[in-house]
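Trainee: Mind looking over this structure? Questions follow.
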Amino acid sequence: MSIIPSEQAPESGELIDLVDRYLDQRLDEAQGKKLETLLRDDPQARRYCAERIRLHSELHSLARPLRIEIHEDRNLVIEQSGGVSTVTARQSNRVSVAPSTAMVQNPGRNRLAAWWLLLPMVLGLALAGWWIHSSRQDAARQQAPPHLIAALENASFEAENLKDGEIRNSVVGWETSTSKRHSAVVNPGKSRLSGGLHLPQTEAKLSSPQALSLTIDRLGEAGWVRQRLYGETAIGTKRLQLADIDGRTIRVEMNLIRPAVEGTAYAENDVFFYAGIQEELRPGRKVASYQINTGKEGWAQADRSLGLNNDQLVKVSFDLKVEVGEMRGDAFFVMGIARNSPPGGEIYIDDVSLRLIDR
Amino acid sequence: MISKPLHLDQAIASELTRDDEAKIARFTEYLAELRPVLSSFLVTQTGGDSNAAGDCLQEVALVLWKKHDVSWAFEDFRRYAFRCAGIEARAYRRKCHRLGKRIVYLAPDVIESLGNETLELAAMDPLPSRRRLDALRICLDGLDPLQRELLDARYEKEGVGKTVIDIAKERSCKIESLYKRLERIRTSLQGCILKRLKELQT
(Lines give C-alpha, C1' and ligand atoms only; values in the text may rest on other atoms or scores of the structure.)
Protein backbone atom coordinates (compact mmCIF):
# COMPACT_ATOMS: atom_id res chain seq x y z
CA MET A 1 0.00 0.00 0.00
CA SER A 2 1.26 3.41 -0.87
CA ILE A 3 1.77 5.77 2.00
CA ILE A 4 0.64 8.50 -0.32
CA PRO A 5 -3.01 8.85 0.44
CA SER A 6 -4.14 10.02 -2.93
CA GLU A 7 -2.57 10.99 -6.15
CA GLN A 8 -3.51 14.37 -7.38
CA ALA A 9 -5.70 14.37 -10.44
CA PRO A 10 -5.56 17.27 -12.84
CA GLU A 11 -8.54 19.43 -12.07
CA SER A 12 -10.35 21.97 -14.15
CA GLY A 13 -9.58 25.59 -13.50
CA GLU A 14 -13.23 26.19 -12.83
CA LEU A 15 -13.42 23.62 -10.05
CA ILE A 16 -10.26 24.96 -8.41
CA ASP A 17 -11.61 28.48 -8.64
CA LEU A 18 -14.96 27.52 -7.14
CA VAL A 19 -13.48 25.48 -4.31
CA ASP A 20 -11.05 28.23 -3.37
CA ARG A 21 -13.80 30.81 -3.50
CA TYR A 22 -15.79 28.56 -1.17
CA LEU A 23 -12.89 28.35 1.26
CA ASP A 24 -12.17 32.06 1.07
CA GLN A 25 -15.86 32.86 1.59
CA ARG A 26 -16.06 34.63 -1.76
CA LEU A 27 -18.66 32.43 -3.39
CA ASP A 28 -21.86 34.04 -4.61
CA GLU A 29 -25.17 32.22 -4.96
CA ALA A 30 -24.72 31.31 -8.62
CA GLN A 31 -21.21 30.02 -8.02
CA GLY A 32 -22.49 28.11 -5.02
CA LYS A 33 -25.08 26.36 -7.17
CA LYS A 34 -22.44 25.53 -9.75
CA LEU A 35 -20.13 24.08 -7.11
CA GLU A 36 -23.01 22.15 -5.63
CA THR A 37 -23.77 20.55 -8.99
CA LEU A 38 -20.14 19.64 -9.57
CA LEU A 39 -19.79 18.10 -6.13
CA ARG A 40 -23.02 16.18 -6.40
CA ASP A 41 -22.36 14.73 -9.84
CA ASP A 42 -18.64 14.18 -9.94
CA PRO A 43 -16.87 11.97 -7.36
CA GLN A 44 -13.51 13.26 -8.61
CA ALA A 45 -14.59 16.81 -7.89
CA ARG A 46 -15.68 15.77 -4.40
CA ARG A 47 -12.33 14.13 -3.76
CA TYR A 48 -10.49 17.19 -5.02
CA CYS A 49 -12.59 19.47 -2.84
CA ALA A 50 -11.93 17.28 0.22
CA GLU A 51 -8.20 17.41 -0.47
CA ARG A 52 -8.25 21.15 -0.90
CA ILE A 53 -10.16 21.52 2.34
CA ARG A 54 -7.60 19.31 4.07
CA LEU A 55 -4.78 21.55 2.86
CA HIS A 56 -6.74 24.59 3.95
CA SER A 57 -7.22 23.11 7.44
CA GLU A 58 -3.57 22.18 7.64
CA LEU A 59 -2.50 25.69 6.72
CA HIS A 60 -4.82 26.95 9.43
CA SER A 61 -3.35 24.44 11.86
CA LEU A 62 0.16 25.72 11.25
CA ALA A 63 -0.82 29.35 11.46
CA ARG A 64 -2.96 28.85 14.53
CA PRO A 65 -1.55 25.99 16.55
CA LEU A 66 -3.72 24.09 18.92
CA ARG A 67 -4.17 25.61 22.32
CA ILE A 68 -5.98 23.69 24.97
CA GLU A 69 -7.08 25.44 28.10
CA ILE A 70 -8.56 23.50 30.94
CA HIS A 71 -10.10 25.00 34.03
CA GLU A 72 -11.09 22.65 36.66
CA ASP A 73 -12.99 23.20 39.86
CA ARG A 74 -13.26 20.49 42.41
CA ASN A 75 -15.53 20.47 45.31
CA LEU A 76 -14.57 17.87 47.88
CA VAL A 77 -16.97 17.00 50.63
CA ILE A 78 -15.55 14.93 53.44
CA GLU A 79 -17.88 13.13 55.78
CA GLN A 80 -16.69 11.25 58.84
CA SER A 81 -18.42 8.28 60.33
CA GLY A 82 -17.00 5.70 62.70
CA GLY A 83 -13.44 6.82 62.17
CA VAL A 84 -13.62 6.40 58.42
CA SER A 85 -14.16 9.33 56.18
CA THR A 86 -15.80 9.43 52.83
CA VAL A 87 -14.82 11.98 50.32
CA THR A 88 -17.12 12.99 47.55
CA ALA A 89 -15.64 14.99 44.74
CA ARG A 90 -17.63 17.00 42.31
CA GLN A 91 -15.70 18.23 39.41
CA SER A 92 -16.48 20.64 36.63
CA ASN A 93 -14.29 21.42 33.70
CA ARG A 94 -14.05 23.96 30.99
CA VAL A 95 -11.79 23.21 28.12
CA SER A 96 -11.08 25.54 25.33
CA VAL A 97 -9.15 24.69 22.26
CA ALA A 98 -7.96 27.60 20.30
CA PRO A 99 -5.05 28.76 18.27
CA SER A 100 -2.26 30.25 20.30
CA THR A 101 -0.22 33.21 19.28
CA ALA A 102 2.94 31.16 19.04
CA MET A 103 3.95 27.97 17.31
CA VAL A 104 3.64 24.86 19.44
CA GLN A 105 6.63 22.55 19.49
CA ASN A 106 4.90 19.20 19.96
CA PRO A 107 5.02 19.17 23.72
CA GLY A 108 6.05 15.85 25.14
CA ARG A 109 4.50 13.81 27.82
CA ASN A 110 6.97 14.87 30.45
CA ARG A 111 5.91 18.46 29.98
CA LEU A 112 2.29 17.79 30.62
CA ALA A 113 2.48 18.12 34.34
CA ALA A 114 4.28 21.40 33.97
CA TRP A 115 1.52 22.68 31.75
CA TRP A 116 -0.91 22.45 34.55
CA LEU A 117 -0.48 25.16 37.02
CA LEU A 118 -2.50 24.31 40.03
CA LEU A 119 -4.34 27.27 41.34
CA PRO A 120 -4.12 27.82 45.04
CA MET A 121 -6.03 25.10 46.75
CA VAL A 122 -8.37 26.32 49.31
CA LEU A 123 -9.14 23.71 51.85
CA GLY A 124 -11.65 24.69 54.46
CA LEU A 125 -12.78 21.82 56.61
CA ALA A 126 -16.23 22.40 57.94
CA LEU A 127 -19.27 20.23 58.21
CA ALA A 128 -19.90 20.96 54.63
CA GLY A 129 -16.81 20.65 52.58
CA TRP A 130 -13.58 21.49 51.08
CA TRP A 131 -12.93 23.57 48.10
CA ILE A 132 -10.11 23.03 45.74
CA HIS A 133 -9.47 25.15 42.78
CA SER A 134 -6.96 23.63 40.57
CA SER A 135 -5.09 23.37 37.47
CA ARG A 136 -4.36 24.41 34.04
CA GLN A 137 -1.77 23.95 31.45
CA ASP A 138 1.18 26.11 30.80
CA ALA A 139 -0.25 26.58 27.38
CA ALA A 140 -3.18 28.27 29.01
CA ARG A 141 -0.86 31.04 30.01
CA GLN A 142 -0.64 32.14 26.47
CA GLN A 143 -3.06 34.72 25.27
CA ALA A 144 -6.34 33.54 23.92
CA PRO A 145 -7.19 34.77 20.49
CA PRO A 146 -9.35 37.85 20.66
CA HIS A 147 -11.08 36.98 17.43
CA LEU A 148 -13.09 34.35 19.25
CA ILE A 149 -14.99 36.91 21.18
CA ALA A 150 -17.44 38.92 19.18
CA ALA A 151 -19.40 40.49 21.97
CA LEU A 152 -19.79 40.58 25.70
CA GLU A 153 -22.73 38.95 27.27
CA ASN A 154 -23.70 39.08 30.85
CA ALA A 155 -26.29 36.47 31.50
CA SER A 156 -27.37 37.52 34.92
CA PHE A 157 -28.24 41.05 33.96
CA GLU A 158 -31.65 41.67 32.52
CA ALA A 159 -30.42 41.96 28.98
CA GLU A 160 -32.04 43.27 25.91
CA ASN A 161 -30.31 42.62 22.63
CA LEU A 162 -30.00 45.83 20.73
CA LYS A 163 -27.79 44.95 17.86
CA ASP A 164 -24.79 42.78 17.10
CA GLY A 165 -22.04 43.28 19.60
CA GLU A 166 -24.05 45.20 22.11
CA ILE A 167 -25.99 44.21 25.16
CA ARG A 168 -27.84 46.69 27.30
CA ASN A 169 -28.44 45.77 30.86
CA SER A 170 -30.79 46.93 33.47
CA VAL A 171 -29.32 45.93 36.72
CA VAL A 172 -31.49 43.41 38.48
CA GLY A 173 -28.97 41.32 40.29
CA TRP A 174 -25.50 39.99 40.18
CA GLU A 175 -23.99 36.67 39.85
CA THR A 176 -20.91 36.67 41.92
CA SER A 177 -20.41 38.94 44.80
CA THR A 178 -21.13 42.24 46.34
CA SER A 179 -20.84 44.04 49.62
CA LYS A 180 -24.40 43.31 50.58
CA ARG A 181 -24.83 45.95 53.22
CA HIS A 182 -24.01 48.69 50.79
CA SER A 183 -25.35 47.42 47.51
CA ALA A 184 -29.00 46.85 46.71
CA VAL A 185 -31.42 46.69 43.89
CA VAL A 186 -34.06 49.34 44.37
CA ASN A 187 -37.37 49.77 42.63
CA PRO A 188 -37.72 53.40 41.70
CA GLY A 189 -41.24 54.72 41.80
CA LYS A 190 -42.50 51.97 44.08
CA SER A 191 -43.91 53.00 47.41
CA ARG A 192 -42.12 51.83 50.45
CA LEU A 193 -44.06 49.78 52.98
CA SER A 194 -44.23 52.82 55.19
CA GLY A 195 -45.80 54.77 52.35
CA GLY A 196 -44.34 57.36 50.02
CA LEU A 197 -41.44 57.12 47.65
CA HIS A 198 -37.98 56.51 48.96
CA LEU A 199 -36.31 59.35 47.12
CA PRO A 200 -39.02 60.91 44.94
CA GLN A 201 -36.87 63.48 43.16
CA THR A 202 -34.40 60.86 42.08
CA GLU A 203 -36.79 58.09 41.32
CA ALA A 204 -38.91 60.24 39.06
CA LYS A 205 -35.95 60.41 36.72
CA LEU A 206 -35.29 56.69 36.57
CA SER A 207 -37.58 55.00 34.12
CA SER A 208 -36.29 51.51 34.77
CA PRO A 209 -38.16 49.31 37.26
CA GLN A 210 -34.86 48.35 38.88
CA ALA A 211 -31.70 50.25 39.56
CA LEU A 212 -28.55 49.49 41.48
CA SER A 213 -28.01 51.48 44.62
CA LEU A 214 -24.51 51.80 46.04
CA THR A 215 -23.80 53.53 49.31
CA ILE A 216 -20.85 54.38 51.53
CA ASP A 217 -21.07 54.62 55.29
CA ARG A 218 -19.20 56.82 57.68
CA LEU A 219 -16.63 54.09 58.33
CA GLY A 220 -15.68 54.07 54.69
CA GLU A 221 -17.39 50.77 53.86
CA ALA A 222 -18.60 51.21 50.32
CA GLY A 223 -20.91 49.37 47.98
CA TRP A 224 -19.63 47.50 44.99
CA VAL A 225 -20.83 44.82 42.68
CA ARG A 226 -19.11 42.63 40.19
CA GLN A 227 -20.18 40.22 37.52
CA ARG A 228 -18.60 37.46 35.56
CA LEU A 229 -18.07 38.30 31.92
CA TYR A 230 -19.14 36.09 29.10
CA GLY A 231 -18.26 36.36 25.46
CA GLU A 232 -20.45 35.58 22.53
CA THR A 233 -18.81 33.29 20.00
CA ALA A 234 -20.23 31.97 16.78
CA ILE A 235 -21.87 29.08 18.52
CA GLY A 236 -22.66 30.27 21.99
CA THR A 237 -21.36 31.97 25.06
CA LYS A 238 -17.96 31.45 26.59
CA ARG A 239 -16.84 32.29 30.10
CA LEU A 240 -14.20 34.93 29.52
CA GLN A 241 -10.64 34.68 30.64
CA LEU A 242 -8.60 37.81 31.18
CA ALA A 243 -6.38 36.63 28.35
CA ASP A 244 -9.38 36.54 26.02
CA ILE A 245 -9.74 40.29 26.26
CA ASP A 246 -6.10 41.25 26.63
CA GLY A 247 -5.36 44.30 24.54
CA ARG A 248 -9.02 44.92 23.85
CA THR A 249 -11.14 47.90 24.79
CA ILE A 250 -14.49 47.61 26.49
CA ARG A 251 -16.81 50.57 26.12
CA VAL A 252 -19.03 51.08 29.12
CA GLU A 253 -22.16 53.17 29.12
CA MET A 254 -24.43 53.69 32.07
CA ASN A 255 -26.81 56.11 33.68
CA LEU A 256 -25.79 57.64 36.99
CA ILE A 257 -27.75 59.70 39.41
CA ARG A 258 -26.92 60.84 42.89
CA PRO A 259 -29.97 61.24 45.05
CA ALA A 260 -30.28 64.14 47.43
CA VAL A 261 -29.86 62.46 50.76
CA GLU A 262 -31.94 65.11 52.40
CA GLY A 263 -32.13 65.58 56.07
CA THR A 264 -28.73 64.04 56.65
CA ALA A 265 -25.33 65.49 57.21
CA TYR A 266 -24.30 64.16 53.85
CA ALA A 267 -26.65 66.03 51.58
CA GLU A 268 -23.77 67.17 49.43
CA ASN A 269 -23.31 63.57 48.33
CA ASP A 270 -20.19 63.80 46.19
CA VAL A 271 -19.24 60.21 45.66
CA PHE A 272 -16.29 58.86 43.76
CA PHE A 273 -17.23 56.07 41.41
CA TYR A 274 -15.04 53.48 39.76
CA ALA A 275 -15.54 50.72 37.21
CA GLY A 276 -13.09 48.20 35.90
CA ILE A 277 -12.19 44.72 34.81
CA GLN A 278 -10.96 42.61 37.66
CA GLU A 279 -9.29 39.25 38.15
CA GLU A 280 -11.44 36.64 39.83
CA LEU A 281 -9.21 35.51 42.61
CA ARG A 282 -7.53 37.43 45.36
CA PRO A 283 -6.09 39.99 45.45
CA GLY A 284 -8.63 41.00 42.83
CA ARG A 285 -6.33 43.30 40.89
CA LYS A 286 -7.79 45.38 38.11
CA VAL A 287 -6.58 44.99 34.56
CA ALA A 288 -8.48 48.09 33.53
CA SER A 289 -10.19 50.80 35.52
CA TYR A 290 -11.88 54.14 35.16
CA GLN A 291 -12.54 56.55 38.00
CA ILE A 292 -15.16 59.24 38.03
CA ASN A 293 -15.55 62.10 40.43
CA THR A 294 -19.29 62.69 40.35
CA GLY A 295 -19.24 65.92 42.29
CA LYS A 296 -17.43 69.18 42.75
CA GLU A 297 -14.76 68.07 45.15
CA GLY A 298 -11.44 67.11 43.70
CA TRP A 299 -10.25 63.55 43.47
CA ALA A 300 -6.66 63.28 42.39
CA GLN A 301 -7.06 59.83 40.89
CA ALA A 302 -10.18 60.63 38.89
CA ASP A 303 -10.08 60.18 35.15
CA ARG A 304 -13.03 62.52 34.82
CA SER A 305 -14.98 64.97 36.98
CA LEU A 306 -18.67 65.25 36.23
CA GLY A 307 -19.55 68.12 38.55
CA LEU A 308 -23.06 66.75 38.97
CA ASN A 309 -25.76 68.22 41.10
CA ASN A 310 -27.88 65.93 43.19
CA ASP A 311 -30.76 64.37 41.27
CA GLN A 312 -29.12 65.13 37.97
CA LEU A 313 -29.34 62.06 35.78
CA VAL A 314 -26.39 61.72 33.47
CA LYS A 315 -25.37 59.16 30.91
CA VAL A 316 -21.67 58.43 31.06
CA SER A 317 -19.53 56.59 28.61
CA PHE A 318 -15.93 55.55 29.02
CA ASP A 319 -13.48 53.01 27.74
CA LEU A 320 -11.72 50.32 29.73
CA LYS A 321 -8.46 49.43 28.07
CA VAL A 322 -7.54 45.94 29.16
CA GLU A 323 -3.89 45.21 29.86
CA VAL A 324 -3.60 41.87 31.54
CA GLY A 325 0.14 41.63 32.00
CA GLU A 326 0.91 38.62 34.18
CA MET A 327 -2.59 38.25 35.52
CA ARG A 328 -4.62 35.20 34.60
CA GLY A 329 -8.02 33.78 35.38
CA ASP A 330 -11.63 34.64 34.75
CA ALA A 331 -12.63 38.20 33.93
CA PHE A 332 -15.10 40.20 35.97
CA PHE A 333 -16.68 43.58 35.47
CA VAL A 334 -16.71 45.53 38.71
CA MET A 335 -18.13 48.88 39.74
CA GLY A 336 -18.47 50.61 43.05
CA ILE A 337 -17.93 53.63 45.22
CA ALA A 338 -14.32 54.40 46.09
CA ARG A 339 -13.62 54.10 49.78
CA ASN A 340 -12.14 57.57 49.98
CA SER A 341 -15.45 59.10 48.95
CA PRO A 342 -17.13 61.43 51.41
CA PRO A 343 -19.13 59.16 53.74
CA GLY A 344 -22.90 58.90 53.65
CA GLY A 345 -23.17 59.14 49.89
CA GLU A 346 -25.38 57.14 47.61
CA ILE A 347 -25.52 56.63 43.88
CA TYR A 348 -27.97 54.94 41.55
CA ILE A 349 -26.80 53.17 38.44
CA ASP A 350 -28.79 51.72 35.61
CA ASP A 351 -28.75 50.79 31.94
CA VAL A 352 -25.25 49.42 32.07
CA SER A 353 -24.00 48.59 28.64
CA LEU A 354 -20.75 46.82 27.88
CA ARG A 355 -19.43 46.59 24.38
CA LEU A 356 -16.26 45.08 23.08
CA ILE A 357 -14.68 47.35 20.52
CA ASP A 358 -11.51 47.55 18.39
CA ARG A 359 -11.54 43.96 17.20
CA MET B 1 -18.73 11.94 40.80
CA ILE B 2 -16.25 9.78 42.66
CA SER B 3 -16.64 8.51 46.14
CA LYS B 4 -14.00 6.68 48.08
CA PRO B 5 -12.88 6.18 51.67
CA LEU B 6 -10.28 8.59 52.91
CA HIS B 7 -8.65 8.98 56.28
CA LEU B 8 -8.71 12.51 57.52
CA ASP B 9 -4.97 12.60 58.01
CA GLN B 10 -4.40 11.56 54.45
CA ALA B 11 -2.81 14.28 52.47
CA ILE B 12 -4.84 15.59 49.63
CA ALA B 13 -2.68 15.73 46.60
CA SER B 14 -1.81 19.20 45.52
CA GLU B 15 -0.23 17.99 42.31
CA LEU B 16 -1.69 16.14 39.42
CA THR B 17 -2.22 12.50 39.99
CA ARG B 18 -0.85 9.91 37.59
CA ASP B 19 -4.38 9.34 36.40
CA ASP B 20 -4.70 13.03 35.62
CA GLU B 21 -1.47 12.99 33.69
CA ALA B 22 -2.43 9.88 31.78
CA LYS B 23 -5.77 11.39 30.93
CA ILE B 24 -4.22 14.60 29.68
CA ALA B 25 -1.56 12.79 27.69
CA ARG B 26 -4.12 10.54 26.02
CA PHE B 27 -6.47 13.42 25.33
CA THR B 28 -3.86 15.68 23.75
CA GLU B 29 -2.38 12.87 21.71
CA TYR B 30 -5.73 11.83 20.27
CA LEU B 31 -6.94 15.36 19.71
CA ALA B 32 -3.73 16.42 17.99
CA GLU B 33 -4.01 13.48 15.63
CA LEU B 34 -7.65 14.16 14.89
CA ARG B 35 -7.51 17.91 14.64
CA PRO B 36 -6.79 18.32 10.91
CA VAL B 37 -9.46 15.92 9.76
CA LEU B 38 -11.91 17.15 12.39
CA SER B 39 -11.29 20.70 11.21
CA SER B 40 -11.73 19.67 7.58
CA PHE B 41 -14.97 17.95 8.42
CA LEU B 42 -16.22 21.00 10.31
CA VAL B 43 -15.23 23.27 7.42
CA THR B 44 -17.45 21.21 5.13
CA GLN B 45 -20.29 21.45 7.62
CA THR B 46 -20.04 25.20 8.25
CA GLY B 47 -20.17 26.51 4.73
CA GLY B 48 -16.40 26.64 4.29
CA ASP B 49 -15.98 29.08 7.18
CA SER B 50 -12.76 28.21 9.01
CA ASN B 51 -13.48 30.53 11.91
CA ALA B 52 -16.87 28.97 12.54
CA ALA B 53 -15.25 25.56 12.23
CA GLY B 54 -12.70 26.64 14.85
CA ASP B 55 -15.47 27.68 17.24
CA CYS B 56 -17.22 24.36 16.74
CA LEU B 57 -13.95 22.54 17.36
CA GLN B 58 -13.66 24.32 20.67
CA GLU B 59 -17.04 23.02 21.74
CA VAL B 60 -16.26 19.54 20.50
CA ALA B 61 -13.06 19.53 22.54
CA LEU B 62 -14.99 20.58 25.61
CA VAL B 63 -17.42 17.71 25.26
CA LEU B 64 -14.59 15.29 24.51
CA TRP B 65 -12.72 16.33 27.60
CA LYS B 66 -15.75 15.88 29.77
CA LYS B 67 -16.85 12.59 28.31
CA HIS B 68 -13.79 10.72 27.24
CA ASP B 69 -12.44 7.92 29.29
CA VAL B 70 -8.87 6.71 29.57
CA SER B 71 -10.03 3.27 28.54
CA TRP B 72 -11.11 4.58 25.14
CA ALA B 73 -9.11 3.42 22.17
CA PHE B 74 -8.36 5.97 19.49
CA GLU B 75 -11.22 4.63 17.38
CA ASP B 76 -13.70 5.23 20.21
CA PHE B 77 -12.37 8.74 20.59
CA ARG B 78 -12.57 9.36 16.86
CA ARG B 79 -16.13 8.11 16.55
CA TYR B 80 -17.29 10.17 19.47
CA ALA B 81 -15.47 13.26 18.18
CA PHE B 82 -17.17 13.10 14.81
CA ARG B 83 -20.54 12.53 16.36
CA CYS B 84 -20.02 15.64 18.49
CA ALA B 85 -18.73 17.56 15.47
CA GLY B 86 -21.87 16.73 13.53
CA ILE B 87 -24.05 17.94 16.38
CA GLU B 88 -22.05 21.13 16.88
CA ALA B 89 -22.11 21.92 13.18
CA ARG B 90 -25.87 21.44 13.02
CA ALA B 91 -26.26 23.73 16.02
CA TYR B 92 -24.11 26.32 14.26
CA ARG B 93 -26.19 26.15 11.10
CA ARG B 94 -29.39 26.45 13.09
CA LYS B 95 -28.00 29.47 14.87
CA CYS B 96 -26.98 31.12 11.61
CA HIS B 97 -30.44 30.48 10.26
CA ARG B 98 -32.04 31.94 13.36
CA LEU B 99 -29.85 35.04 13.24
CA GLY B 100 -30.27 35.44 9.51
CA LYS B 101 -26.53 35.13 8.99
CA ARG B 102 -25.68 34.28 5.45
CA ILE B 103 -23.46 31.29 5.00
CA VAL B 104 -22.63 29.56 1.78
CA TYR B 105 -25.12 26.77 1.91
CA LEU B 106 -24.59 23.73 -0.16
CA ALA B 107 -27.48 21.34 -0.31
CA PRO B 108 -27.66 19.00 2.70
CA ASP B 109 -26.90 15.93 0.59
CA VAL B 110 -23.78 17.65 -0.80
CA ILE B 111 -22.66 18.71 2.67
CA GLU B 112 -23.08 15.15 3.84
CA SER B 113 -21.25 13.61 0.91
CA LEU B 114 -18.44 16.15 1.18
CA GLY B 115 -18.16 15.45 4.91
CA ASN B 116 -18.01 11.73 4.19
CA GLU B 117 -15.36 12.35 1.57
CA THR B 118 -13.11 14.11 4.09
CA LEU B 119 -13.54 11.19 6.46
CA GLU B 120 -12.75 8.66 3.74
CA LEU B 121 -9.72 10.65 2.74
CA ALA B 122 -8.46 10.54 6.30
CA ALA B 123 -9.35 6.87 6.70
CA MET B 124 -7.36 5.97 3.58
CA ASP B 125 -4.35 7.78 4.89
CA PRO B 126 -2.15 5.47 6.97
CA LEU B 127 0.19 8.28 7.94
CA PRO B 128 -0.14 10.19 11.17
CA SER B 129 -1.43 13.66 10.40
CA ARG B 130 1.79 15.18 11.72
CA ARG B 131 3.69 13.65 8.80
CA ARG B 132 1.65 15.67 6.35
CA LEU B 133 2.15 18.75 8.48
CA ASP B 134 5.89 18.14 8.48
CA ALA B 135 5.82 17.87 4.71
CA LEU B 136 3.77 21.04 4.49
CA ARG B 137 6.26 22.90 6.69
CA ILE B 138 9.10 21.93 4.35
CA CYS B 139 7.05 23.07 1.37
CA LEU B 140 6.26 26.38 3.01
CA ASP B 141 9.97 26.97 3.56
CA GLY B 142 10.43 26.62 -0.18
CA LEU B 143 8.07 29.47 -1.04
CA ASP B 144 9.48 32.81 -2.06
CA PRO B 145 8.99 35.71 0.38
CA LEU B 146 6.16 37.29 -1.60
CA GLN B 147 4.25 34.03 -1.74
CA ARG B 148 4.83 33.48 1.95
CA GLU B 149 3.65 36.98 2.76
CA LEU B 150 0.43 36.40 0.88
CA LEU B 151 -0.16 33.06 2.54
CA ASP B 152 0.54 34.54 5.97
CA ALA B 153 -1.91 37.33 5.27
CA ARG B 154 -4.60 34.79 4.48
CA TYR B 155 -3.96 32.34 7.28
CA GLU B 156 -2.39 34.25 10.10
CA LYS B 157 -4.52 35.23 13.01
CA GLU B 158 -6.93 38.01 12.19
CA GLY B 159 -5.82 41.42 13.32
CA VAL B 160 -2.15 40.45 13.29
CA GLY B 161 0.10 41.52 10.46
CA LYS B 162 -1.04 42.43 6.98
CA THR B 163 -4.29 41.41 5.41
CA VAL B 164 -4.81 40.43 1.80
CA ILE B 165 -6.33 43.88 1.30
CA ASP B 166 -3.21 45.55 2.77
CA ILE B 167 -1.04 43.62 0.35
CA ALA B 168 -3.28 44.54 -2.57
CA LYS B 169 -2.90 48.22 -1.69
CA GLU B 170 0.84 47.89 -1.14
CA ARG B 171 1.44 46.16 -4.42
CA SER B 172 -1.17 48.22 -6.27
CA CYS B 173 -2.91 45.15 -7.56
CA LYS B 174 -6.44 43.85 -7.49
CA ILE B 175 -7.59 41.69 -4.62
CA GLU B 176 -8.99 39.26 -7.15
CA SER B 177 -5.58 38.75 -8.69
CA LEU B 178 -4.09 38.09 -5.25
CA TYR B 179 -6.67 35.40 -4.61
CA LYS B 180 -5.72 33.88 -7.96
CA ARG B 181 -2.13 33.82 -6.79
CA LEU B 182 -3.23 32.20 -3.57
CA GLU B 183 -4.99 29.57 -5.62
CA ARG B 184 -1.77 28.82 -7.50
CA ILE B 185 0.23 28.69 -4.27
CA ARG B 186 -2.21 26.21 -2.77
CA THR B 187 -2.06 24.06 -5.88
CA SER B 188 1.72 24.04 -5.81
CA LEU B 189 1.68 23.19 -2.10
CA GLN B 190 -0.61 20.23 -2.73
CA GLY B 191 1.81 18.95 -5.33
CA CYS B 192 4.76 19.62 -3.07
CA ILE B 193 3.26 17.70 -0.15
CA LEU B 194 2.69 14.66 -2.32
CA LYS B 195 6.24 14.89 -3.61
CA ARG B 196 7.67 15.10 -0.11
CA LEU B 197 5.60 12.17 1.07
CA LYS B 198 6.79 10.13 -1.91
CA GLU B 199 10.36 10.97 -0.99
CA LEU B 200 9.64 9.68 2.49
CA GLN B 201 8.27 6.48 1.02
CA THR B 202 11.39 5.86 -0.99
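Trainee: Which helices, counted as full DSSP H runs in chain B, have an axial Cα extent of no less than 27 Å and a Kyte-Doolittle average of -0.5 or above?
Mentor: The qualifying helices are B:18-45, B:175-201.
Trainee: How much accessible area does B:Arg184 have with a 1.4 Å probe, in Å² rounded to the nearest 10?
Mentor: About 140 Å², ignoring ligands and nucleic acids.
Trainee: Mind jotting down a quarter of the surface of the convex hull over the alpha carbons of chain B, in square nanometres, one decimal?
Mentor: Average of the hull's projected areas for chain B equals 16.8 nm².
Trainee: In addition: Isolated Cys in chain B by the 4.7 Å beta carbon test?
Mentor: B:Cys56, B:Cys84, B:Cys96, B:Cys173
Trainee: Moving to a separate point now. Whole-Hz ³J(HN,Hα) for each residue in segment A:307-312, computed from phi via Karplus 6.51 cos²θ - 1.76 cosθ + 1.60 with θ = phi - 60°, x for glycine and proline: what do you get?
Mentor: Going residue by residue, I get x, 6, 8, 4, 6, 9 Hz, with x marking Gly and Pro.
Trainee: If amide hydrogens are placed 1.01 Å from N in the peptide plane, which non-local residues have theirs closer than 5 Å to the one on A:Gly344?
Mentor: When sequence neighbours closer than 5 places are left aside, the close amide H contacts are A:Ile216, A:Asp217, A:Arg218.
Trainee: From the mean inverse distance of alpha carbon pairs (Kirkwood) and the Cα radius of gyration, derive Rg over Rh for segment A:13-63.
Mentor: Looking at segment A:13-63, the ratio lands at 0.99.
Trainee: State, as an integer percentage, the relative contact order of chain B based on alpha-carbon contacts under 8 Å between residues 6 or more apart.
Mentor: In percent, rounded to a whole number, it is 19.
Trainee: Tell me the carbon and sulfur percent of the accessible area for segment B:18-125, rounded to whole percent, probe radius 1.4 Å.
Mentor: Its accessible area is 51 percent carbon and sulfur atoms.
Trainee: Leaving out ligands, DNA and RNA, calculate the buried accessible area for the pair B and A with a 1.4 Å probe, summed over both sides, in Å² to the nearest 100.
Mentor: Chain pair B/A: roughly 8500 Å² of buried accessible area.
Trainee: Let me ask something else. Sorted by accessible area (1.4 Å probe), largest first, how do B:Trp72, A:Trp299 line up?
Mentor: Descending order: B:Trp72, A:Trp299.
Trainee: Something else about it: Over the Cα atoms of segment B:23-133, what is the Rg over Rh ratio if Rh follows Kirkwood?
Mentor: Reported Rg/Rh, Kirkwood definition of Rh: 0.98.
Trainee: Mind scanning A:Lys34/B:Lys95; B:Lys101/B:Lys180; B:Lys66/B:Lys195; A:Lys33/B:Lys180; A:Lys315/B:Lys162; B:Lys67/B:Lys95 and naming the pairs with a C-alpha gap bigger than 29 Å?
Mentor: Check vs 29 Å cut-off fails for B:Lys66/B:Lys195; A:Lys315/B:Lys162.
Trainee: Probe of 1.4 angstrom, ligands and nucleic acids ignored: what's the accessible area per residue over segment A:13-63, in square angstrom?
Mentor: 34
The values are calculated or read from the model by the stated rules, or taken from the named source; none is laboratory data. Not measured: the values here are computed from a predicted model. As a convention, Cβ positions derive from the backbone with ideal geometry for all residues, glycine included, and neighbour counts pool all protein chains shown. Note: areas computed on protein heavy atoms with side chains; ligands, DNA, RNA excluded. Shrake-Rupley method; radii C 1.70, N 1.55, O 1.52, S 1.80 Å.
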